1. Are any residues in the stretch 70-104 free of Cβ contacts under 8 Å to residues at least 40 places away in the same chain and among the β-branched types (V, I, T), and if so, which ones?
2. Tell me, which residue of the stretch 40-60 that is surrounded by fewer than 21 Cβ atoms within 10 Å (Cβ to Cβ) and within 18 Å of L119 (Cα to Cα) is modelled with the highest pLDDT?
3. For residues in the stretch 47-98 being within 20 Å of the chain's Cα centre (by Cα) and outside any helix (DSSP H, G or I), which is nearest to T126 (Cα to Cα)?
4. Please tell me if E106 is closer than 14 Å to P35 by Cα and surrounded by fewer than 20 Cβ atoms within 10 Å (Cβ to Cβ).
5. Working only within the stretch 8-39, note down all residues that are part of a loop (DSSP other than H, G, I, E, B) and modelled with pLDDT under 75.
6. Here is a list: F142, F123. Which entry is hydrophobic (A, V, I, L, M, F, W, C), within 15 Å of the chain's Cα centre (by Cα) and in the same structural domain as V44 (by TED's automatic domain parsing)?
7. Inside the stretch 133-166, can you point out the residues that are assigned to a helix (DSSP H, G or I) and of a type in the set (F, W, Y)?
8. Conditions: (1) assigned to a helix (DSSP H, G or I); (2) without any contact (Cβ under 8 Å) to a residue 24 or more places away in the chain; (3) out of contact with any Ser or Thr (no Cβ under 8 Å at 6 or more places or on another chain); (4) not hydroxyl-bearing (S, T, Y). F123 meets all but one. Number of the miss?
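The values are calculated or read from the model by the stated rules, or taken from the named source; none is laboratory data. Only a predicted model underlies this, so the values are computations on that prediction, with no experimental measurement involved. No Cβ is skipped: glycine too gets one built from the backbone with ideal geometry, and neighbour counts run over all protein chains shown.
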Amino acid sequence: MGTFSLLMISDSLWKWIHGLGGPSLILLGISDNTPFVSAPPGSVDVFVILLSAHRQEWWAYYAFMTMIGEVLGGYLTYRIAEKGGEKTLERKVGKARAEIVYKGFERFGSITVLAGALLPPPFPFTTVLMTAGVMQYPRKKFFSALVVGRSVRFFAEAWLGRIYGRQMIGFFSRNYRLLVYALIVMAVGAGIGTLIYFLWYRPRKQRKERELDKQS
């Protein structure tokens, strides 16, 4: 998914990120974890790999800067949800699903944060961050799990970018047209899926939830 996201990003944006380097990764990392403004799914991962491939000796620096941005963004979302984000979360995922997430978080806690921080898109990590805030999960445990998970993920990606990045760039350059076609198909499919969800599935699910609330 990250590679396809890159194709949607203009050359001017890439030049800006390439020129600014580490600070741009902090900004992307912050936006990647907020419920209101979000970077394109997978774009942070792609930029870490590309920057590490272009400037191989700086790979650890890029990983560190990305981790800083991701942790800052994650902690910001946690704090927002801690101060009354329950309704926002329930609007985002639905009340029934939110209840399931709450119960799962009660059982696994730090493991949920750690696993979510390690997993790439399309895993809905923002939901995990908001759940931790809503449930007022201990800050030290939350922060520790978030730092460890994001560090492992982005240091691993930066190292892979340093070692294999140029081969990956070459492959995607040779297959650019095919990837564009695949991106168009995926975008159309995602658009249809979104329409079905908001116009049919979600209203139907909300009606059922209201009926269950009345019965209880």
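1. Those that are free of Cβ contacts under 8 Å to residues at least 40 places away in the same chain and among the β-branched types (V, I, T): V93, I100, V101.
2. If we take residues in the stretch 40-60 being surrounded by fewer than 21 Cβ atoms within 10 Å (Cβ to Cβ) and within 18 Å of L119 (Cα to Cα), then G42 is modelled with the highest pLDDT.
3. G85
4. Values: closer than 14 Å to P35 by Cα: no; surrounded by fewer than 20 Cβ atoms within 10 Å (Cβ to Cβ): yes.
For E106, the condition - closer than 14 Å to P35 by Cα and surrounded by fewer than 20 Cβ atoms within 10 Å (Cβ to Cβ) - is not met.
5. Of the residues in the stretch 8-39, the ones part of a loop (DSSP other than H, G, I, E, B) are 8-10, 21, 32-39.
Within the stretch 8-39, M8, I9, S10, G21, P35, F36, V37, S38, A39 qualify.
6. Values: F142 fails: within 15 Å of the chain's Cα centre (by Cα).
Residue meeting the stated conditions: F123.
7. Kept after step one, since they are assigned to a helix (DSSP H, G or I), are these residues of the stretch 133-166: 133-134, 139-166.
The answer is F142, F143, F154, F155, W159, Y164.
8. Here F123 clears every test but (1).
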